[in-house]
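Dropping a structure here in structure tokens format, bear with me for questions.
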Amino acid sequence: MNKMRPLAVFAAGVVAAAGLAACGGGESEGSGSGPGYNAGVNEVVNKSDKKGGTLKLADSDDWDSPDPGNTYYAFSQNFARLYGRGLTTAKAAAGKESLEIVPDLAADMGQSSDGGKTWTYKLRTGVKYEDGTTVTSKDVKYAIERSNYTKELQLGPKYFKQYLVDNKPAYKGPYDDKSDEGLKSIETPDDQTIVFHLNEPFQEFDYLVAMSQSIPVPKAKDTGTKYETAIVSSGPYKIDNYTRGKSMSLSRNPNWNQSTDPLRKALPDKIEVQIKQNADDIDQRLLAGSLDMDITGVGVQSGTQPKVLTPEQKPYVDNPVQGFLRFMSLNVHVKPLDNIHCRLAVQYATDKVAAQTAYGGPLAGGDIATTVLPPSVDGYSKFDLYPQKQAEGGGLDQATLAKAKSELQACGKPDGFTSKISARSDRPKEVAMAEAIQQSLAKVGIKVSIVQFPAGDYFNKYVGAPKYVHDHGIGMMIMAWAADWNTGYGFLSQIVHGQAIKPSGGNNLAELDDPKVNEGLNQAIANPDKAARLKAYGEVDKAVMGTAAEVPLIYAKALMYRPKRVTNAGITYYYGGMYDYLNMGVE
């Protein structure tokens with residue numbers, strides 16, 4: 001990638017959202033005085049530079065962890081930019097501009113050499129932590145070592161471990177390897193320079209260092225898994241308190257200097273987050289004006305949707321195509337789903353329209369999905385390997401059900417089989433989707449029981465831990481996924497590449513380790529030809545669907561509500577179609 005030009009990928013799904021705003025927004029969409037329906041899809045609305053006040057946020061579940069090196073939820077990556085600065089980050093914008101990557105802690109984009117195997121960054125000078133000490137390149141190196149090479153921190157991806165040249169013998173991470181040198185393939189020749197040496201070319205490395213794992217951590221202040229309660233801020237806000245499952249409060253970092261940070265406005269004096277709040281209560285408080293934002297980005301609940309579409313409220317609503325895929329993974333090591341024909345039976349018998357309806361319908365749920373890559377991701381190719389048809393009165397038609405029964409015959413289970421399907425207990429619409437799938441599978445004799453786990457531990461302790469999944473026979477797992485960055489590699493690698501399988505905190509829930517998929521992704525990311533890379537991502541998607549290990553359900557949409565006192569509100573597609581928190585303020 002040309003380091004001087006931020007890559008703005010803006011594919012079909014986002015263009016569709018843009019069309020909605022262009023054709024349907026504005027004051028005519030309601031009698032309220034807001035900026036207009038869908039106004040925040042393309043532009044940041046209610047712009048302001050006014051400082052002061054408290055931004056009041058709520059979360060219906062919890063962080064996996066607020067530790068930038070041990071997190072993976074999209075809202076967590078978005079929110080972490082308030083108290084941490086990675087080498088690069090997403091531009092604070094809405095619409096197509098929100099997909100651009102810009103320098104953050106780094107003074108410029110990465111300088112690539114050696115065919116894409118070596119990447120060099122120069123840090124801005126004068127950036128300080130909340131305690132007044134200076135941020136150095138060694139702190140960035142240490143942050144990546146702890147997040148990728150320790151057995152303790154497993155919630156985030158391991159891209160760096162996969163692509164950085166390893167030590168000989170293999171580097172065991174800073175908690176076990178106490179040497180000053182650490183990982184030799186990350187060099188810090190001075191306090192402002194960091195150099196990465198990769199084992200093979202990685203043409204999208206500027207995107208990789210936009211992950212929160214490049215947010216610096218001073219080695220002397222690291223407390224391992226307890227660091228999430230004592231994070232040292234390099235951004236405009238410091239965390240005063242984080243109590244898991246209850247709350248987080250932030251105030252200004254007195255040593256943050258605007259002159260070193262051209263991206264952040266740092267408007268509120270304080271930011272308060274209430275955690276594990278009832279989703280319906282959150283909606284009511286948003287409408288009442290006692291809450292400013294639901295930070296999870298899932299949109300308002302079904303019961304609230306008619307209320308926000310009234311003429312008075314509609315000007316404060318956005319309905320973006322989010323870039324998330326809601327899907328169901330079929331674990332290839334849980335019997336009988338280790339047999340591809342049993343997986344094919346599930347593909348045909350899963351009523352996607354019923355799942356879509358359960359999640360909120362086309363407007364608040366999304367469009368029916370047939371691919372793993374959503375239309376908004378660069379590299380998407382339209383196809384449908386397992387077409388379904390609806391009967392006249394609803395439900396799958398007999399021809400589709402017959403295909404499912406034929407596959408059951410082929411896998412030696414003509415009368416069906418039993419399994420379990422998981423969903424996050426604190427996401428009611430996800431549970432409703434599981435119930436709809438349960439009912440549709442039962443029509444061909446596939447009987448599944450629903451198991452529910454809290455979102456904060458969903459991947460760390462349960463469905464992302466293969467041993468737990470195998471021991472408890474959880475064959476089907478519902479999840480949602482947005483791209484780490486908006487290309488096919490940034491979307492696919494952590495959910496389908498064999499190297500993404502981890503002992504806990506994993507996202508390749510199917511435990512797919514298919515040579516064709518792995519090799520396709522490896523070859524694509526090494527290719528300097530962008531057009532060839534994008535074409536390859538579409539072919540990898542077809543290979544994934546050929547394994548029948550993933551059941552795409554809906555390309556997500558949501559009805560998002562922005563109260564009128566919130567300033568600088570705009571949808572960021574980089575973080576999957578939620579509001580960008582970076583410069584949000586209050587009137």
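The values are calculated or read from the model by the stated rules, or taken from the named source; none is laboratory data. The model shown is predicted, which means the values in this text are computed figures rather than measured ones. All Cβ positions, glycine included, derive from the backbone under ideal geometry; neighbour counts span all protein chains shown. Each accessible area value is taken on the protein alone, full model and side chains, heavy atoms only, with ligands, DNA and RNA left out. Shrake-Rupley method; radii C 1.70, N 1.55, O 1.52, S 1.80 Å.
In the list VAL140, VAL127, which residue meets the criterion of being over 30 Å from GLU200 (Cβ atoms) and touching a helix residue (DSSP H, G or I) at 6+ places or on another chain (Cβ under 9 Å)?
None of the other options fit; the residue is VAL127.
Follow-up question, since we're still on this one. Are any of the residues in the range 116-138 surrounded by fewer than 17 Cβ atoms within 10 Å (Cβ to Cβ) and modelled with pLDDT under 95?
no
Restricted to the range 223-235, and to residues that are in a helix (DSSP H, G or I) and open to solvent by less than 30 Å² (accessible area, probe 1.4 Å), which residue is farthest from TRP256 (Cα to Cα)?
Looking at residues that are in a helix (DSSP H, G or I) and open to solvent by less than 30 Å² (accessible area, probe 1.4 Å), I get GLY224.
Would you mind finding the one in ASP367, ASP338, ASP378 that is in the same structural domain as GLY488 (by the TED database), free of Cβ contacts under 8 Å to residues at least 60 places away in the same chain, farther than 30 Å from ARG565 by Cα and open to solvent by 10 Å² or more (accessible area, probe 1.4 Å)? Break it down stepwise before answering.
Numbers: ASP367 fails: free of Cβ contacts under 8 Å to residues at least 60 places away in the same chain; ASP378 fails: free of Cβ contacts under 8 Å to residues at least 60 places away in the same chain.
That would be ASP338, the only listed residue that is in the same structural domain as GLY488 (by the TED database), free of Cβ contacts under 8 Å to residues at least 60 places away in the same chain, farther than 30 Å from ARG565 by Cα and open to solvent by 10 Å² or more (accessible area, probe 1.4 Å).
Kindly indicate whether GLY224 is of a type outside the set (Asp, Glu), over 19 Å from ALA266 (Cα atoms) and either assigned by the TED database to the domain that holds TYR581 or touching a Lys or Arg at 6+ places or on another chain (Cβ under 9 Å) (or both).
The answer is yes for GLY224.
State all residues of the range 466-493 that are open to solvent by 10 Å² or more (accessible area, probe 1.4 Å) and either small (Gly, Ala, Ser) or assigned to a helix (DSSP H, G or I) (or both); if no residue qualifies, say none.
PRO466, LYS467, TYR468, HIS470, ASP471, HIS472, GLY473, ALA480, ALA482, ALA483
Of all residues in the range 185-222, count the ones that are over 25 Å from ASN257 (Cβ atoms), part of a loop (DSSP other than H, G, I, E, B) and in contact with a helix residue (DSSP H, G or I) (Cβ under 8 Å, 6 or more places away or on another chain).
Counting residues in the range 185-222 that are over 25 Å from ASN257 (Cβ atoms), part of a loop (DSSP other than H, G, I, E, B) and in contact with a helix residue (DSSP H, G or I) (Cβ under 8 Å, 6 or more places away or on another chain) gives 6.
Inspect the range 393-407 for any residue being of a type in the set (Val, Ile, Thr), at pLDDT 95 or above, open to solvent by less than 30 Å² (accessible area, probe 1.4 Å) and at negative phi and give the result as yes or no.
First, pick out the residues of the range 393-407 that are of a type in the set (Val, Ile, Thr): 400.
Checking which are at pLDDT 95 or above leaves us with 400.
Next, from what is left, pick out any that are open to solvent by less than 30 Å² (accessible area, probe 1.4 Å): 400.
With at negative phi added as a condition, the list becomes 400.
Looking through the range 393-407, at least one residue is of a type in the set (Val, Ile, Thr), at pLDDT 95 or above, open to solvent by less than 30 Å² (accessible area, probe 1.4 Å) and at negative phi.
Would you mind finding the one in LYS564, LYS542, LYS557 that is within 29 Å of GLU430 (Cα to Cα) and crowded, with 22+ Cβ neighbours inside 10 Å?
After applying the criteria, what remains is LYS557.
Please indicate, with yes or no, whether at least one residue in the range 309-316 is under 23 Å from LEU401 (Cα atoms), open to solvent by less than 10 Å² (accessible area, probe 1.4 Å), over 24 Å from the mean Cα position of the chain (by Cα) and at pLDDT 90 or above.
no
Here is a list: ASP351, ASP384. Which entry is farther than 18 Å from LYS443 by Cα and either assigned by the TED database to the domain that holds GLY464 or of a type in the set (Gly, Ala, Ser) (or both)?
Sole residue among the options that is farther than 18 Å from LYS443 by Cα and either assigned by the TED database to the domain that holds GLY464 or of a type in the set (Gly, Ala, Ser) (or both): ASP384.
Moving on to the next point. Read through the list (1) modelled with pLDDT of 95 or more; (2) surrounded by fewer than 24 Cβ atoms within 10 Å (Cβ to Cβ), then give the number of the only condition that ALA349 fails.
(2)
Identify all residues within the range 417-439 that are of a type in the set (S, T, N, Q), modelled with pLDDT of 95 or more and open to solvent by 10 Å² or more (accessible area, probe 1.4 Å); write none if there are none.
Let us first name the residues in the range 417-439 that are of a type in the set (S, T, N, Q), namely 418-419, 422, 425, 438-439.
Filter once more, keeping what is modelled with pLDDT of 95 or more: 418-419, 422, 438-439.
Within the range 417-439, THR418, SER419, GLN438, GLN439 qualify.
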